[in-house]
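**Q** Have a look at this one before I ask anything.
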Amino acid sequence: MDFNCLNCNKLIPEEAMGTKNRNHCPFCLYSLHVDIESGDRKCECRGLMEPIGLTFKEEGFDKYGKKKQGEIMLIHRCVKCNHISINRIAGDDDSEMVLKIFDKGRDLEDIGNIHVLKTKEERENAVIQLYGKA
């Protein structure tokens, strides 16, 4: 069922391009703190989850020992309880807004084992994932 974003009030389609569960607004990238485990909708907090930065999904290492770069992930922090989560971006997310979140997160320190993207090279890699190679 489609729903309205509680942050920007835009109508959000239930189906998300490229992901199993819609977990954030494709326009403002805010989410709701509704999951304990991905997609279970069992969390009672229901606070707004603010997008505060980006990270890359951990993908391990290739056969030569070089770290693989995973897909872009949004870092969300609950404005009610400060819970941190990471979520895949979806194919219909506003790419310019994703890059604004990158810029917003540049002043953040890494959060536990979550590396917050900050460098010029990381931004360039994010742009390539969003738009393809130039």
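Laboratory data are not the source of any read-out in this text; all were calculated from the coordinates shown. Remember, it's a predicted structure, so these values are computed and weren't measured experimentally. All Cβ positions, glycine included, derive from the backbone under ideal geometry; neighbour counts span all protein chains shown.
**Q** Straight-line reach from LYS104: which lysines have Cα under 28 Å away, leaving out those fewer than 8 places along the same chain?
**A** Here the lysines satisfying the reach criterion relative to LYS104 are LYS10, LYS20, LYS57, LYS67, LYS68, LYS80, LYS118, LYS120, LYS133.
**Q** Across the range 41-52, in residue order, what do the Karplus-derived ³J(HN,Hα) couplings come to in whole Hz, using 6.51 cos²θ - 1.76 cosθ + 1.60 with θ = phi - 60° and x for Gly and Pro?
**A** 6, 9, 7, 8, 4, 6, x, 5, 9, 7, x, 10
**Q** What angle, in degrees between 0 and 90 and rounded to the nearest 10, separates the Cα long axis of helix 95-105 from the longest principal axis of the Cα atoms of the chain?
**A** The angle comes out near 80 degrees.
**Q** When the dipole is taken about the Cα centre of the chain, and only Lys, Arg (+1) and Asp, Glu (-1) are charged at their Cβ, what size is it in debye, to the nearest 20?
**A** It comes to approximately 200 debye.
**Q** Moving on to the next point. Pick the calculated Kirkwood radius over Cα pairs in Å for this structure from (i) 22.8; (ii) 15.4; (iii) 16.5?
**A** Among (i) 22.8; (ii) 15.4; (iii) 16.5, the one derived from this structure is (ii).
**Q** Please give me, ordered by residue number, the trypsin sites (Lys or Arg not before Pro) of the range 35-134 that lie in loop per DSSP and have at most 15 other Cβ atoms within 10 Å.
**A** ARG41, LYS42, ARG46, LYS63, LYS66, LYS80, ARG106, LYS133
**Q** Okay, moving on. For helix 120-131, report the angle its Cα long axis makes with the longest principal axis of the Cα atoms of the chain; keep it between 0 and 90° and round to the nearest 10°.
**A** Computed tilt is about 60 degrees.
**Q** Please give me, ordered by residue number, the GluC sites (Glu not before Pro) of the range 34-134 that lie in loop per DSSP and have at most 13 other Cβ atoms within 10 Å.
**A** For GluC sites (Glu not before Pro) across the range 34-134 that sit outside H, G, I, E and B with at most 13 neighbouring Cβ atoms in 10 Å, the list reads GLU37, GLU44, GLU109.
**Q** OK, next. Considering the options PRO13, GLY47, CYS28, tell which one lies farthest towards the positive end of the dipole of the range 3-131, charges being +1 on Lys and Arg and -1 on Asp and Glu at the Cβ, about the Cα centre.
**A** It is GLY47.
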